[in-house]
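A short write-up of the structure that comes next.
Any read-out appearing in this document is the output of simple, stated calculations on the displayed coordinates, not a laboratory observation. Predicted model, so just to flag it, every value in this text is computed and none were measured. Please note: Cβ atoms are built from the backbone with ideal geometry, for glycine as well, and neighbour counts cover all protein chains shown.
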Amino acid sequence: MENLILELKEEIIEVLNLEGMTPADIDENAPLFGEGLGLDSIDALELIVLMEKNYGIKLANANEGKEIFKSVRVMAEYIKEHRTK
Amino acid sequence: MNNIVVTGTGIITSLGVGKEETLRKLKAGQRAIGPIRHIRTKHCDLPVGEVSCSDEELKALIGYREPGIITRTSLLGRVALKEALEEAHLSGETGQRIAFISGNTVGGMEKSEQYYHDFLNNCEKNEYIAMHDCGACTDVMAKEFSGRFDLITTISTACSSAANAVILGANLLKEGRADIAVVGGTECLSKFHINGFNTLMILDKEPCRPFDANRKGLNLGEGAAYLVIETEESARRRNAKAICRLSGYGNACDAFHQTATSPNGEGAFLAMTQALKSSGLTAADIDYINAHGTGTGNNDECEGIAMMRVFGDKVPPVSSTKSYTGHTTSAAGGVESVISILALTHSFIPANLGFEEGIEGHNFKPVDHVMENVELKHILTNSFGFGGNDSSCIFSAIHESPTPSSSEVLTNDNRCYIQSAAQISLQQPLGEEWFQNPIIPTEAYNESIEPDYGKYIPPMAARRMGKLLKRAVATAVEALGGHPLPDAIITGTGLGCIANTEKFLTAMLDNDEEFLQPTYFMQSTHNTISSQVALHLKCHGYNCTYSQRGTSFDSSLLDAFVQMRLGAIHSALVGGQEEMTPDYFRMLGKIGYWKEGEVSTHTLKKADSIGSLSGNCSLNMMLTSRSNADTFCQIAGMDMLYEPSMEELLNATNRLLRKAGLDVCDLSAIVMGLSGDCDNDRVYREFRNACCPETPEVWYKHLFGESFCASAFGVYAGAVCLRQKRIPAHLLYDLSEDIMAPKHILVHNHFHNKDHSLILLSSCQ
């Protein structure tokens, strides 16, 4: 799990172009949207692409992301359970 | 402004060709949304509002026999244009000054996406390279008119493009610059934007259900629609039957998010409020709202909230006719204007198809069935685009004459000054170092010198901005300086953020339409630049984007100039934004854009071959209606002409000078877009020799390079010289000594000898 969290943080930094950030700067328990990292709806869409591309998870509706992207940890747990690659 | 009337309309959508078929199906409540047929895409599960005619069938409809290629965007446009021109009885020489303003975003993309690998790897489809941009589509459409348009331009504000074309057309009429304006928009479906919208996850797999509680998104559509608008006097003069009035309009920017609408629909509220104000009507006068109503969760909720803010608990009957046609994006403002006019003149309200259950929090429900025999006097139609480019127009029955607001008065006292300017280019950025110590490019391909953007853009915002967006924001912030927020932000860009377009297109082609990133798509629309600047500055004022090839910047300047003359705005941030990428450079190189080998001032001056050196352009200038000690210069006059004869060009110049109380001999210099391309330079030389053979020639493309927006540097260079009270020798084409204390400078710009602009700058000293 901890490996997946680290991997995910690296991928998030890359895909969202969070220049100058390292995995250590992201608290895996903090919210990704709103306060925490301060991401927005476009970032959510980018994360949906990330999940599909890297883990073979396809979301039919952007709203499903709301629960999944609560924090990096929640996202990692969801991926662990649903990944197809 | 109660004297602008509509004298012709034309339309083509999935509902059919022309008004008759459209009317019949609207009244029958017949939806025209179905499977994709013409586009080869793996997203065939997404229903669309596709025009059933093939390209060949469209050609047959207009009797198309011209040599050369034509894109579907232009073909759709010409079908609608033909109908509008015929109804308005416009053909041949009319003796009227006619402007053609077309909204468009997809341009030639539907062909570019098929031939992109050819563009890069072979020469088989080279002729399509020059047809990619939006302005090229408008240019090809202009041929549908058997007479000649005096001015053409293209507006690209995504889904509100055509509505903004209506607004510019009306302003040109009010200012007396045109007698007649043909306005609207066209868009064809492309794999590119089907995939783009799909990454935003806002496409419904079922026919869309605008304003329904269970709506799932929009359906894309295609089509075109144009209106012929003119002053009542013009219509009377030429015995044209007036169909209805264009009684008001408004344009505002939501300045909230690149794709999402603000929760209280601020931009939409402002656009509707302004439209009402300019028409002299009150909310209670509106009998029907043809809503933007895309069917997405966000739009419909927020548009509804904005309507409730404007109309209170008495929201008039509302429907979104996108439930019939799908969302025709850049054409939508035209399509829905024509549908509104059909409703007005045939006394019916089209249904909001697919509606079952209202949205929680809305105090209204859309019209769920076609209402016949309804007396309609005033109709408001909304068109909103990405980046919060929100516009509203009001059409009124011909016998209605609302009293317009008197805030806009055309007088010669309304002046326009260049107050400040900032550039990022091949020269040292954000200053006037180039004026003293220019960098002389020596190659055809050139990169901009980037400043440190950290000072201008916070990291969270910068992270998803391409280079051009960063440049645009930085130059806007610098040009704005300590000025209050401008009344308008207007940007010219021939290609938009082409680097992002390429990234999305390449990924789409290479990954078989999978794993595409929404960020690249939303930043591929041309208006993302102007709206990003508005977003950064939190500026809700007028916002517009022009994409007319080599006169994209000039079009922006004209819009600002006209509105300032009308007193509609008192300040504007006007920009020209263009970027070059290695791939696009290579493609344009195939069709003769660039010099081969080393470039020098000497080789450019020889101008013995085609091609020039490429540049990037990022320039923003602040225009104000008042001058002070820091003012660069006054824009004493401006004109744009389409395919003028030399005589017409000279007449226009004389008119410009005469209006300013000047004569040719008063000109201290003429700024020319000499680029070393023999065909290009010949046109400048011929005009200068005929107009002012003794006037010193200033050039600037040897320092800033060639791009669609390069003319921005021509105006900028002239303005800097006037403020510095000196034209340095390095800007003078064949003089070796500085010219001191220049007073008046004429800037001439042309693109392929088709689009011309003349800008007269005068010293304020």
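Below is a table of values for the structure above.
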{"read-out": "All-pairs Cα distance distribution in segment B:178-331, expressed in whole percent, bin size 10 Å", "value": "10, 32, 36, 18, 5, 0"}
{"read-out": "Histogram of C-alpha separations across segment B:244-324, 5 Å bin width, %", "value": "3, 15, 24, 27, 18, 10, 2, 0"}
{"read-out": "B:Ile69-B:Asn214 FRET efficiency (beta carbon distance; Förster radius 45 Å; 0.05 resolution)", "value": "0.55"}
{"read-out": "Label-to-label distance, nm, for residues given as A:Asn17 and A:Lys80 (7 Å Cα→Cβ offset)", "value": "3.3 nm"}
{"read-out": "Label-point separation, B:Glu694 to B:Arg309 (7 Å along Cα→Cβ), nm", "value": "6.0 nm"}
{"read-out": "Packing rank of B:616-628, B:222-234, where each peptide gets the mean count of other beta carbons within 10 Å, highest leading", "value": "B:222-234, B:616-628"}
{"read-out": "Whole-Å semi-axes of the protein assembly as shown's equivalent ellipsoid (Cα gyration tensor)", "value": "40, 34, 25"}
{"read-out": "Label zone at B:Ile62 (point 7 Å along Cα-to-Cβ), backbone N below 11 Å, segment B:137-173", "value": "B:137-146"}
{"read-out": "Rounded FRET efficiency, nearest 0.05, which uses the C-beta distance separating A:Ala30 from A:Glu7 and R0 of 22 Å", "value": "0.75"}
{"read-out": "Estimated inter-spin distance, B:Ser736 and B:Cys123, nm [label 7 Å along Cα→Cβ]", "value": "4.2 nm"}
{"read-out": "Reachable lysines, given that their alpha-carbon falls under 19 Å from the alpha-carbon of B:Lys216 and they are not under 8 places away in the same chain", "value": "A:Lys58, A:Lys66, B:Lys205, B:Lys322, B:Lys365"}
{"read-out": "Net length gained if the chain between B:Lys725 and B:Lys455 were fully extended (0.36 nm per residue, minus Cα distance)", "value": "94.1 nm"}
{"read-out": "Span per principal axis, largest first, for the Cα atoms of chain B (Å)", "value": "75, 57, 53"}
{"read-out": "Over segment B:528-648: Kirkwood hydrodynamic radius from C-alpha pairwise inverse distances, Å", "value": "17.4 Å"}
{"read-out": "Distance between segment B:8-71 and segment B:568-591 - C-alpha centres, whole angstrom", "value": "31 Å"}
{"read-out": "Rounded to whole Hz, the Karplus (6.51, -1.76, 1.60) HN-Hα couplings of segment A:31-47, x for glycine and proline", "value": "x, 7, 9, x, 5, x, 6, x, 7, 10, 5, 5, 4, 4, 5, 5, 5"}
{"read-out": "Per principal axis, descending, Cα span of segment B:15-161 in whole Å", "value": "48, 44, 31"}
{"read-out": "For B:Gln548, distant residues with modelled amide H under 5 Å away", "value": "B:Thr154, B:Thr493"}
{"read-out": "Backbone N within segment B:167-197 under 14 Å of label point (7 Å from B:Gln114 Cα along the Cβ vector)", "value": "B:188-192"}
{"read-out": "Contour excess over end-to-end distance, with Cα ends at B:Asp679 and B:Ser54 and 0.36 nm allotted per residue", "value": "221.3 nm"}
{"read-out": "Calculated from backbone phi, Karplus (6.51, -1.76, 1.60) coupling profile of segment B:222-230 in Hz, x at Gly/Pro", "value": "9, x, 7, 7, 9, 10, 9, 10, 7"}
{"read-out": "Percentage relative contact order, segment B:608-765, counting C-alpha pairs under 8 Å, at least six apart", "value": "35 percent"}
{"read-out": "Under 5 Å, built H, 5+ apart or other chain: amide partners of B:Ile610", "value": "B:Cys678"}
{"read-out": "Order of B:His38, B:His362, B:His526, B:His399 under a 10 Å beta carbon neighbour criterion, fewest first", "value": "B:His399, B:His38, B:His362, B:His526"}
{"read-out": "Chain B, relative contact order in percent, only Cα pairs under 8 angstrom and at least six apart counted", "value": "14 percent"}
{"read-out": "More than 15 angstrom apart: percent of Cα pairs within segment B:657-738", "value": "59 percent"}
{"read-out": "Hypothetical label at B:His752: residues of segment B:525-560 whose amide nitrogen lies under 13 Å (7 Å Cα-Cβ projection)", "value": "B:548-551"}
{"read-out": "Radius of gyration and maximum dimension Dmax of segment A:2-85, Cα, Å", "value": "11.6, 32"}
{"read-out": "Percent RCO, i.e. relative contact order, over chain A, from Cα pairs under 8 Å lying at least 6 residues apart", "value": "34 percent"}
{"read-out": "Helix-only mean residue ellipticity at 222 nm for the protein assembly as shown, each DSSP H run of n ≥ 4 adding -39500 (n - 2.57), per residue, nearest 500", "value": "-10500 deg cm²/dmol"}
{"read-out": "Whole-number D in µm² s⁻¹ for segment B:529-591, Kirkwood Cα-pair radius fed into Stokes-Einstein, 10 °C, 1.306 mPa s", "value": "117 µm²/s"}
{"read-out": "Rh (Kirkwood; distinct C-alpha pairs) - segment B:215-280, Å", "value": "15.3 Å"}
